[in-house]
Amino acid sequence: MLLRFALTLLVIMLVGRAIWRVLSGIVEGASPSRGARRGGPPERGVQMVRDPVCGTFLPPSSAITLAERGGAVRYFCSEKCRNEYAARS
Ligand SMILES: [Zn+2]
């Protein structure tokens, strides 16, 4: 009688632990704040500019600029792209 009670308790504990593990696994998998969001688009709301040579989008603060004769400003990812653009036009 006592052995049966002990076995039942053991089974309940094992089942409970398995259920808990599954539940916590689901919670962990569903939570997005586990390093997965890092490396996403940086600084939302910042207006990105496009390099017309290679098509890279980058924030104006880290872009190389070129003022065109008409007054427009072009943004480039590198001096290489800027030189290429300047040589084209
Ligand atoms: Zn570029």
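The values are calculated or read from the model by the stated rules, or taken from the named source; none is laboratory data. Values in this document were obtained by computation on a predicted structure and should not be read as measured data. Methodologically, a virtual Cβ is constructed for each residue, glycine included, from the backbone with ideal geometry; neighbour enumeration extends over all protein chains shown.
For Leu7, indicate whether it is away from the ligand (no atom under 13 Å from the Cβ), part of a helix (DSSP H, G or I) and at pLDDT 90 or above.
Against the criterion (away from the ligand (no atom under 13 Å from the Cβ), part of a helix (DSSP H, G or I) and at pLDDT 90 or above), Leu7 qualifies.
Any chance the stretch 52-66 includes a residue that's out of contact with any Pro (no Cβ under 9 Å at 6 or more places or on another chain), more than 10 Å from the ligand (Cβ to nearest atom) and aliphatic (A, V, I, L, M)?
The answer is yes, given that some residue of the stretch 52-66 is out of contact with any Pro (no Cβ under 9 Å at 6 or more places or on another chain), more than 10 Å from the ligand (Cβ to nearest atom) and aliphatic (A, V, I, L, M).
Would you be able to tell me the number of residues in the stretch 18-56 that are at pLDDT 85 or above, assigned to a loop (DSSP other than H, G, I, E, B) and surrounded by 10 or more Cβ atoms within 10 Å (Cβ to Cβ)?
6
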